[in-house]
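Some notes on the structure that comes next.
The values are calculated or read from the model by the stated rules, or taken from the named source; none is laboratory data. What you see is a predicted model; the values in this text were computed from it and never measured. Reconstructed Cβ throughout: ideal geometry from the backbone, glycine too, with neighbour counts over all protein chains shown. Quick note on the areas: whole protein, heavy atoms, side chains included, nothing else; ligands and nucleic acids left out. Shrake-Rupley method; radii C 1.70, N 1.55, O 1.52, S 1.80 Å.
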Amino acid sequence: MTRGYDFRRAPGHLVRRAHQRSVAIFAEEMARFDVTPVQFAILMTLMDKPGVDQVTLAAHVALDAATSGSAIGRLEARGWLRRECDPRDRRRKLLWITPEGAQAGAEMALAAPRIQERLVAPLAPEERAQLSLLLSKLEEGSP
């Protein structure tokens, strides 16, 4: 009997499974920090761009406003970042990493290469480069 469609080989399914693997590896390596990949991305961005506004940050890490707002709120509750109103536009919220957040972020940044290495471990070096190129194309939406 022929099934006609093997979802297990469909790119969308494979991307979802690879994402699950990536998140599982991230959780193992970052367990002591109790952060999500989204929170990690926010901290890394704030280390590079202190004082960025909340909307720009959300765009930089490719998040919608609701997701970024809740992640920012959790990081703020932990004392890892602070929000301030922009003195020129009180509706804008500027974000700053705290010393505690910078310390945690620096420690997390040391674990980040291990996560990536574990994720691509099954691939040969040339396959790793090809994977990065192809994922970048998918992410950009370019043909």
Inset, instruction - Bin all alpha-carbon pair distances of the range 7-120 at 10 Å intervals from 0 and give each bin's fraction as a whole percent. - result: 13, 41, 30, 12, 3, 0
Inset, instruction - State the percentage of accessible surface on the range 7-120 attributable to carbon and sulfur atoms; use a 1.4 Å probe and exclude ligands, DNA and RNA. - result: 58 percent
Legend entry - Added length on full extension, which subtracts the Cα-Cα distance from 0.36 nm per residue, ARG17 to ARG91: 22.7 nm
Inset, instruction - Measure nothing fancy, just the Cα-based angle from helix 99-120's long axis to the longest principal axis of the chain, in degrees from 0 to 90, nearest 10. - result: 10 degrees
Inset, instruction - Give me the angle, in degrees from 0 to 90, between the Cα long axis of helix 37-48 and the longest principal axis of the Cα atoms of the chain, rounded to the nearest 10. - result: 50 degrees
Legend entry - Within-14-Å neighbourhood charge of LEU134 [Cβ basis; K, R +1; D, E -1]: -2
Legend entry - the chain, accessible area per residue, ligands and nucleic acids excluded (1.4 Å, Å²): 67 Å²
Inset, instruction - Under 9 Å from the Cβ of CYS85, count the other residues' Cβ atoms, weight Lys and Arg +1, Asp and Glu -1, and hand me the total. - result: +2
Inset, instruction - Post the alpha-carbon centroid distance, the range 26-70 to the range 116-143, in whole angstrom. - result: 22 Å
Inset, instruction - Please give the helix 125-140 orientation as an angle from the longest Cα principal axis of the chain, in degrees from 0 to 90, rounded to the nearest 10. - result: 60 degrees
